[in-house]
Amino acid sequence: MKNVFASLLLTGTLASAAQQAAAQVAANPAATALGTLTGTVADSTSRQPLAFATVVVRSATDAKNLLSMVTTDRGAFSFAGLAAGAYTLEVRYLGYRSGRPTAVAVGTGSNPAVAVALAPEHHALAEVKVTAAKPFIEQQADKLVLNVAASPIAAGGTAADLIGRAPGVLEQGGGYQLRGKSVTVMLDGKLTNLSGDELKNMLSAMPANSLDKVELIANPSAKYDASASAIVNLVTTKSLKLGTNGTATLGVGAGRYGRYNAGFNLNHRTEKLNVYGGLDRLDNQTYSTTSAVRALSSEGQLAENSLETRRLQTNNAKLGFDYDLSKTTSVGVLVKGMLTDRTRDAESQALLSATQQATLVRLEGASQVISPAMNAYYKTAFAKGKTLRVNADYFSYAKDSYNDYATSTRDASGPADLLRDNSPARNSVKSVMADYSQPLYKGTFEAGLKAISTVTDNDIRWEQASAGQPWTTDLGKTNHFVYRENVRAAYATFSRDIKKVSLQVGLRAEQTNTTGTSLTTGQSTERQYLNFFPSVSAQYSRSEKTQFGFSYRRKIERAQFGIVNPFLTYISPYRYVQGNANILPSLSHNLELSYSYGSLLSAAVSYSRFSDVITESYQRNDVTQVVINSFANYRSADQLSATLTLMKPLLNNKWQTVTTLSVLAAQVQGGPGTIGLAKSSPGAYLSSNHTITLRPGLKAEVAASYASPMTFGGLAMRSSYSGNVGISQTVLKGAGTLTLNVTDIFNTQRTRYEVLAAGLNSQNVNKFESRFVKLNFSYKFGNQKVKASQRRETGVEAERSRME
């Protein structure tokens, strides 16, 4: 009953806010003295909206007086504050005929919406591909877009490779950061729910050629989950009208070991039905090394070194359909799944210099993950621009894994001490969400409801056997933990253009109920909390090219599911990792100022203030020299960042250059007893990408990045840099593409850092294999103008990014 009352109160608050806003507008008759011109842009054949089309309005009496904007992702546009009179309306979109300017009349108050239908430019399509090809990195109004097909380096790679190359994106702490903000990874608008190694495995198992583009959204609106500080959205490949088409890919490569990838995707569309499916397989083997040197409280030091080899075999499959019930209503179902097999073989050594005691640990392990998912949606459009979309999702994650450890001393001739774990996991996510939008008071009103339920069931069973002894249960590590999280959310946003200013205000409310239960100890932790997340943004268009922006948003960061699980996980005889069932969510206030000049230059300055910030913690035992890594809440943290991106075409657009410079400074205020956490020094990240068209069909790409030293929260990061090269050639009359690339060509990509917190003093170097040579071939067949399947914007994938 308490949850029902909270949900009713939440919905009532949002409805009351919308009514008050409407009453204020109605009470001000001066606000309706000018006219408003709204409308939509769509494909003339499919009636699908065209996002980011350029709309230009000119006064019939003064040709120099013009306004322009791009359409929303739903193909909508709105010009407010227009003086009554005659105007001409012109719409431009790449690959479509612009047509003649349309005469429109604007009166005072609200005017009927204008529906613009553009016809595809069939005859000029081949020329458009050559002379107006999309650049690899493209700046749009609210996001940065990476067009995967435009990058020779991307071919034969994975989604993880792409995200790692994105401007301003850094891999840190088992996840990613964009402009210093934690990243939520989305797939076709759906939030993923994996973290740490599981997220890396999913991204590493996803071939880059199965993606159309990668969208970087630094400031998502209230429509998105409040935990989404920044978003990286992976958009899978889609096609374009009636008919059948497909793509086949095959790639081989080598680093220290060989690797290959293969894929097949097919799409068939009739007038009302679109059926599509595909299968991708990736098989690779990589190595990683780690080294750590830690000064001890007594004299001497502890040195640890390890080498691990992993083989990953992944199969991704999907099958779905979209069906148009009418011109305004469509439904669809998508079923997909991933099967991953992973084996690991590692050896690590530890040496205590004071006693010359040497320890050798050998590890063999394997795991299998099966993760099916299903999405069903219903979408309809009403009169006067009203739309409703409903999504239902289910995601399951089943993992079986084991690891066998054998520990011996350097001079031991007898049997080793044995340790093993059997760690099944059964996790699931269910989600239902509805989004509604309509024109309101010369603007657009959007509202939505979402309910999501997540269950993670992890059962780690540890057994030990001292040298020559039988197996016994290790009670200090064994634990069966079940975590349940239910979130009920509602949001409302209102956006409106007033002359040259675009405004958006929003409010999101989330009621969260969590229960963490250890079936081993019988202990249970419950939490219930209701939070409100306001947001506001404004964009001033000084001219068609020059724009200034401001945004504010309150956000929440919930701990990854692996963190709330209090398991004690064995890493080495001297290192363990442990979760924290009492971890609290972190709340933050986020401000950003931005500037852009066309597609040439963009800049942003951001500031964030966190409370109960979630940061790594360390516990050290001076007798055994064991260190336990965990996570804890600290009082607060401040973060300041600045990003500058320059995109400059050269040599008549044959040479596309994109250079990004980011500067970041952050500091934790931990209070008494948090030794070393307050240390801070700023850092910078520089990336530069160059794509050159050598001749029609032949393209080369060079990319490089550098990260400077930086200190934050007890970690002192050292500098790092890397470089990539690639070349691609179209063959078979443009139907095929052959690509050769080398990633991290100088083999310099590694993570070097020092731990300075909690009295520790350790120097660490982690190296994951990053230098690969890859040869990839892709072939497109059938009608390449088949209309795309519907984009899914669902809710379960957000929770997947937190799941381990």
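Quick notes on this one:
- Within the range 293-331, the set of residues being hydroxyl-bearing (Ser, Thr, Tyr) and in a strand (DSSP E or B) comprises Ser306, Thr309, Thr314, Tyr323, Thr329, Ser330.
Condition check ((1) hydroxyl-bearing (Ser, Thr, Tyr); (2) touching a residue at least 40 places away in the same chain (Cβ under 8 Å); (3) surrounded by fewer than 16 Cβ atoms within 10 Å (Cβ to Cβ); (4) not assigned by TED's automatic domain parsing to the domain that holds Ile614) across all residues:
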position: Ser708; (1), (2), (3), (4): yes, no, no, no
position: Val731; (1), (2), (3), (4): no, no, yes, no
position: Ala735; (1), (2), (3), (4): no, yes, yes, no
position: Asn741; (1), (2), (3), (4): no, yes, no, no
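- Filtering the range 506-541 to residues that are buried (at least 20 other Cβ atoms within 10 Å of the Cβ) and among the aliphatic types (A, V, I, L, M) leaves Leu507, Ala509.
- Filtered by the rule that a residue be surrounded by fewer than 19 Cβ atoms within 10 Å (Cβ to Cβ) and at pLDDT below 90, the range 542-566 gives Arg542, Ser543, Glu544, Lys545, Thr546.
- Residues of the range 669-686 that turn out to be modelled with pLDDT of 90 or more and either under 30 Å from Asn741 (Cβ atoms) or part of a strand (DSSP E or B) (or both), as a count: 5
- Matching residues in the range 33-89 - criterion: being charged (D, E, K, R) and modelled with pLDDT of 75 or more: Asp43, Arg58
- First in the range 265-292 and over 15 Å from Thr309 (Cα atoms) and not assigned by TED's automatic domain parsing to the domain that holds Lys336, second anywhere and surrounded by 19 or more Cβ atoms within 10 Å (Cβ to Cβ) and among the charged types (D, E, K, R), Cβ under 7 Å, 6 or more apart: none
- Applying the condition of being assigned to a strand (DSSP E or B) and in contact with a Phe, Trp or Tyr (Cβ under 6 Å, 6 or more places away or on another chain) to the range 743-777 and asking which residue is surrounded by the fewest Cβ atoms within 10 Å (Cβ to Cβ) yields Asn764.
- Within the range 560-619, strands (runs of 3 or more DSSP E) holding 2 or more residues that are within 21 Å of the chain's Cα centre (by Cα): 586-597
- Among the numbered conditions (1) modelled with pLDDT of 80 or more; (2) farther than 30 Å from Thr286 by Cβ; (3) in a loop (DSSP other than H, G, I, E, B), the only one that Gln784 does not meet is (1).
- Selection of the range 286-295 for residues being among the hydrophobic types (A, V, I, L, M, F, W, C) and crowded, with 16+ Cβ neighbours inside 10 Å yields Ala292, Val293.
- Taking the range 676-706 as the range and being surrounded by fewer than 20 Cβ atoms within 10 Å (Cβ to Cβ) and touching a Lys or Arg at 6+ places or on another chain (Cβ under 7 Å) as the test, the residues that pass are Ile692, Thr693.
The values are calculated or read from the model by the stated rules, or taken from the named source; none is laboratory data. These numbers come from a predicted model, not from an experiment. Here Cβ is always computed from backbone atoms with ideal geometry, including for glycine, and neighbour counts include all displayed protein chains.
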